[in-house]
Amino acid sequence: MKALRRFRQLLRRSVTTRALVSSLVLLGVSALFLIASFLATQRKSSQEQLELRALALADFIAKQAQFPLLVGDRSELSRIADGALSNRDVAYLEISGADSVLIQAGREDRKAAFGQRPAGPAGTAGSDFRIVSPDLLEVRRLVRPPTRGRLLDWETGASSEAPLGLVRMGFSMREQQAALRSTLLWGSVAIGLGVCVILSVQYLQLVHLLHPLKTLMRFTDTVGSGDLSQRARVDREDEIGHLAAAFNRMVTRLGETTVSKDYVDNIIQSMGESLIVVDASMVICTVNRATLALLRCEAGDLLGQPVSVVAGDSTGGAVQSGVERVYRARNGQEMPVLFSSGVLHGPSGEVQGYVWLAQDMTERKRVDEERNRAREAAEQASRAKSTFLANMSHELRTPLNAVIGYSQMLMEDCGPEAEAMRQDLEKIERAGQMLLGLINDVLDISKIEAGKMDVDLQPFEVSPVVRDVVNAVQPLARQRANRIRVRCPEEDPVAYADVAKFRQSLLNLVNNACKFTESGTISVDLSRTTQAGRDWLVVKVADTGIGISPDQLARLFQPFSQVDGSATRKYGGSGLGLAISRKFHQMMGGDITVESTPGRGSVFTAWVPAAPPAEKAGGEARKREDAWRESS
Ligand code: ADP
């Protein structure tokens with residue numbers, strides 16, 4: 001049993017053994033069949049030959065015995081028997097007369113055969129064969145009397161007459177059987193040798209055929225162990241060569257797939273966001289490191305589990321993007337996440353699963369809350385500051401107006417004799433005016449910051465405003481030995497803005513130009529242009545004064561930023577004018593830009609809408625306007 005099991009195992013494992021065994025069985029069966037059919041044919045033909053020979057001999061003896069039987073010549077019959085026994089194949093011979101056995105002759109070893117069968121009376125039968133033993137054939141032949149008139153012709157008589165006697169002859173089949181055995185032996189040896197030769201040739205062929213397959217098998221083991229850099233040798237053009245080439249292609253493809261899989265795995269694992277892949281039945285198949293860190297668990301706690309263990313409010317296959325959801329950690333802690341999901345489709349479009357992406361929002365929520373609290377506190381503080389400044393400015397302005405008003409009244413009452421007093425009163429009034437300007441600026445900026453500053457937009461002619469501003473600044477210009485030049489298009493330009501705020505801004509720009517220029521030229525140029533689908537009034541205030549350095553330009557429009565402390569001490573001012581002016585222009589839909597070269601002068605450009613924005617294309621125009629303003 002054990003040996004049989006081993007043999008079966010060997011058959012299962014080795015193609016060579018299987019092929020050889022099946023060939024052996026096939027050849028063995030064929031050889032046996034061949035030998036059997038050959039032997040049967042051979043036996044039959046030699047039997048027939050033997051029978052023919054025996055019959056011919058029996059006939060011959062019967063003819064020879066005819067006359068001696070007729071005359072009762074026993075000596076002649078003995079001579080005939082001796083002659084017959086000289087034939088090696090004749091084992092015994094018995095010649096009987098009509099009523100008794102006349103002659104019995106035979107070899108020593110066959111004598112027993114005489115008793116095997118009674119001779120029987122002559123004339124009961126013609127002739128017949130009988131296999132007495134495996135190696136003995138017996139032939140019986142009746143001896144007929146000769147035909148009358150043809151007595152000397154030695155012919156067998158007519159069958160109708162009573163026979164003279166009977167010839168019984170034993171014919172040995174030993175030689176025939178020996179020849180058959182020898183044929184069988186040598187045939188078997190020849191067939192066995194043939195089978196051996198065929199099997200050997202087949203074995204060699206199989207070894208030769210299977211050698212490349214074995215090489216391929218070793219290579220497969222190498223690839224199977226993870227070494228994808230190896231390639232099978234393709235040095236044949238037959239099926240095995242094709243197999244090796246196909247195998248190489250497969251390994252290359254496998255390598256590419258493995259590389260891309262590693263690449264994707266690497267990306268997934270190094271992602272900062274949590275990634276969960278679930279199959280179509282919402283069971284978790286893949287999780288990355290960020291997920292494990294977020295949910296404070298091991299991969300084994302999640303893989304194979306329904307995804308509802310992570311998010312109780314699982315929304316099935318609904319695709320979501322950027323929604324807030326809650327993940328539950330292993331310890332039960334709930335975590336807010338920014339959630340997005342997508343569907344995974346198979347090659348034929350069927351839903352294979354879903355990808356869940358989530359970003360931990362715990363920290364962001366905490367920071368947002370802190371930021372909101374800080375912003376609220378800052379806004380509250382800013383509102384308090386603005387309210388305080390507005391109240392204070394208001395409270396300061398009332399007594400200051402009284403001081404200015406009384407100093408003006410006193411100046412009017414002063415006669416020529418009180419010249420010294422009038423000069424003091426003038427100083428009081430100038431200082432009061434400066435203080436009032438400062439307080440007004442503080443009030444404006446605090447109103448702007450508190451969002452309480454309103455603009456009253458309406459169309460107005462610009463020239464009179466410019467003229468007023470230039471007239472107001474003339475005293476300062478004269479004091480600094482500056483010349484003011486105004487250039488205006490032929491028809492009077494119109495602006496769509498808050499006229500008071502436009503005047504205040506322009507006054508600030510021209511006043512600054514005069515303040516920071518000595519013995520130079522201040523030019524105010526008005527022009528119209530179309531930008532971003534809207535008409536603009538462009539007011540350029542250029543001077544040839546001290547100019548502004550690039551780093552000073554960066555903080556020019558910030559409140560309380562006097563770019564140069566020494567200049568401020570020399571020229572005076574609060575550092576609020578430009579910040580207020582720019583805010584005013586922005587509130588009116590325009591802007592103020594600046595270009596300057598230190599030592600050569602500055603150009604401030606105020607952009608003022610020339611008309612209200614078109615109602616129809618209002619949104620679009622406003623967008624273009626904002627974009628343009630940002631770029632400028
Ligand atoms: P102030 O009331 O102090 O002039 P502004 O906001 O109007 O405040 O100006 C801020 C600073 O910008 C000024 O102190 C000055 O240093 C600089 N500045 C403004 N206009 C000019 C100019 N035309 N030429 C040179 N420097 C200027």
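The values are calculated or read from the model by the stated rules, or taken from the named source; none is laboratory data. Since the structure is predicted, the reported quantities are computational estimates derived from the model, not experimental observations. Glycine gets a Cβ as well: all are built from the backbone with ideal geometry, and neighbour counts include every protein chain shown.
Of all residue pairs spaced 6 or more apart or on separate chains, those with beta-carbon atoms under 9 Å, a first member in the stretch 387-403 that is more than 14 Å from residue 438 (Cβ to Cβ) and a second member that is of a type in the set (Lys, Arg) are 390/447; 390/452. Condition first: surrounded by fewer than 16 Cβ atoms within 10 Å (Cβ to Cβ), free of Cβ contacts under 8 Å to residues at least 24 places away in the same chain and within 12 Å of the ligand (Cβ to nearest atom). Now tell me which residues in the stretch 542-553 satisfy that. Matches in the stretch 542-553: none. Taken over the stretch 292-311, the criterion of being touching a Phe, Trp or Tyr at 6+ places or on another chain (Cβ under 8 Å) and in a loop (DSSP other than H, G, I, E, B) is satisfied by 310, 311. Answer yes if at least one residue in the stretch 254-265 is assigned to a helix (DSSP H, G or I), aromatic (Phe, Trp, Tyr) and surrounded by 12 or more Cβ atoms within 10 Å (Cβ to Cβ), and no otherwise. For the stretch 254-265, residues assigned to a helix (DSSP H, G or I), aromatic (Phe, Trp, Tyr) and surrounded by 12 or more Cβ atoms within 10 Å (Cβ to Cβ): absent.
For the criterion of being within 60 Å of the chain's Cα centre (by Cα), under 28 Å from residue 387 (Cα atoms), part of a helix (DSSP H, G or I) and in contact (Cβ under 8 Å) with a residue 12 or more places away in the chain, residue 439 fails.
Restricting attention to the stretch 471-496, the residues that are aliphatic (A, V, I, L, M), touching an Asp or Glu at 6+ places or on another chain (Cβ under 9 Å) and in a strand (DSSP E or B) total 3. Sort out which residues of the stretch 585-615 are part of a strand (DSSP E or B) and among the polar types (S, T, N, Q), and write them in order of number. Correct list: 593, 596, 597, 602, 605. Restricting attention to the stretch 292-326, which residues are at pLDDT 85 or above and at positive phi? Within the stretch 292-326, 296, 304 qualify.
Looking across the stretch 577-632 at every residue that is modelled with pLDDT of 60 or more and of a type in the set (Phe, Trp, Tyr), the one that is nearest to the ligand (Cβ to nearest atom) is identified as 604. Could you check, for the stretch 267-276, whether at least one of its residues is under 20 Å from residue 319 (Cα atoms) and in contact with a Cys (Cβ under 7 Å, 6 or more places away or on another chain)? No: zero hits. Looking across the stretch 432-452, the residues that are away from the ligand (no atom under 16 Å from the Cβ) and within 20 Å of residue 508 (Cα to Cα) come down to 432, 447.
Among the residues of the stretch 449-470, those that are at pLDDT below 85 and either in a helix (DSSP H, G or I) or charged (D, E, K, R) (or both) comprise 449, 452. Of all residues in the stretch 523-534, those being surrounded by fewer than 17 Cβ atoms within 10 Å (Cβ to Cβ) and either assigned to a loop (DSSP other than H, G, I, E, B) or within 60 Å of the chain's Cα centre (by Cα) (or both) number 4.
Residues in the stretch 507-541 that are near the ligand (Cβ under 9 Å from one of its atoms) and not aliphatic (A, V, I, L, M): 508, 511, 512, 514, 515, 516, 517.
Between a residue in the stretch 592-609 that is among the charged types (D, E, K, R) and any residue that is surrounded by fewer than 21 Cβ atoms within 10 Å (Cβ to Cβ), which pairs come within a Cβ distance under 8 Å, given they are 6 or more apart or on different chains? The qualifying pairs are 595/603; 595/605; 600/544; 600/547. Listed by first and then second residue, the pairs linking a residue in the stretch 508-522 that is in a strand (DSSP E or B) to a residue that is within 7 Å of the ligand (Cβ to nearest atom), with Cβ atoms under 6 Å apart and 6 or more places separating them unless they lie on different chains, are 522/513; 522/543. Restricting 70, 20 to those that are in contact (Cβ under 8 Å) with a residue 40 or more places away in the chain, in contact with a helix residue (DSSP H, G or I) (Cβ under 7 Å, 6 or more places away or on another chain) and either in a helix (DSSP H, G or I) or not aromatic (Phe, Trp, Tyr) (or both) reduces the list to 20.
The residues of the stretch 333-387 that are among the small types (Gly, Ala, Ser) and part of a strand (DSSP E or B), listed by number, are 340, 341, 342, 353, 358.
Working carefully through the options 65, 98, 113, find the one that is at pLDDT 85 or above and not polar (S, T, N, Q).
On inspection, the qualifying residue turns out to be 65.
The set of residues in the stretch 166-176 that are in contact (Cβ under 8 Å) with a residue 40 or more places away in the chain and in contact with an Asp or Glu (Cβ under 6 Å, 6 or more places away or on another chain) comprises 168, 170, 171, 172, 173.
Close Cβ contacts (under 7 Å, 6 or more residues apart or on different chains) running from residues in the stretch 530-541 that are within 10 Å of residue 605 (Cα to Cα) to residues that are more than 16 Å from the ligand (Cβ to nearest atom) and among the aromatic types (Phe, Trp, Tyr) comprise 538/607.
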